[in-house]
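Below is one structure, written out as C-alpha cells, with a few remarks after it.
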Amino acid sequence: MSTTSKKQVRPYNYTEIGATKRTDAPSPMRRGYRANEERIQIGSGQRRWEHAWKETLSWGIQRKSGYTVLPFHPPQPHPGAHPAPHAAEPTPELAREGMEVLLQKRFGPLRLKMPVRVVYTIDEPARKGFAFGTQKGHPVSGEAAFIVKRNPDDSVWFTLRSLSGPGKGLWLFAHPMVLLLRTGIRNSYIKALAGPIS
C-alpha cells in the first residue's frame, strides 16, 4: 500500500495577501501596518533593462544586498551521495508564485532568518517583477514587491512597494529596530540594480 506525502506549507504571518498588487485603491490594513512605495530611475537602454529584470526575477537584488537566498525545499541528493561539507549557496531559480525561500542576513551580531513565499509574479514585455509575503517566524509581517519597468523613452525604473508591520511574539518588541534598518535595506536594493553591469 503506497502513501503520498504532501509538502508542508509554512503559513503567512499576515492576512493582507496580495496587498501590494493593487495600485488603484489602498488595501485594507490593520492597525500598526505601513504602506510605502518608492520609484526611482536606475538607468536606460537595452542592457540596463535586461540587467534589471534578470537580477530582479533571479533574487539578485537580495543576494547583492547581502542576503543568503536558500530554497525551503531543495532537491534531495541521490542516495549514497556525499555533499561537500562547505557547499556553496545554491543558485536560486526564477521567482514563481508559491515558491518558498529562506532569506538570511547578518545585522551586526544578529543573523536573522526570514522565511518568505512568492505571492505573485509580473511577466510583461516592459514590466517584470514579483512580490513575496512574510511567513511564520519572520521578524516582520507583510509584503514587498520588486518591480522594474521600461518606459517608451527607454528609461528603466525600479519600484519598491511594501506593506509592513511588526512580527509576532518576541519580534513585536524588535520592530522599532527593524524600522531603523529599513532605509539602509532600501538603498542596498537600489544599488543592486543601478550599479555597474557585469
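Here is how the numbers come out for the structure above:
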item	result
Accessible-area composition of the stretch 33-76, carbon plus sulfur, in percent [1.4 Å probe]	46
Computed FRET value (nearest 0.05) for LYS136 with GLU50, which takes r as the C-beta separation and R₀ as 41 Å	0.70
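The values are calculated or read from the model by the stated rules, or taken from the named source; none is laboratory data. From a predicted model like this one, the values you see are computed outputs, not experimental measurements. Ideal geometry is used to build each Cβ from the backbone, glycine not excepted, and the neighbour counts take in all protein chains shown. SASA here: full protein model, heavy atoms, side chains in, ligands and nucleic acids out. Shrake-Rupley method; radii C 1.70, N 1.55, O 1.52, S 1.80 Å.
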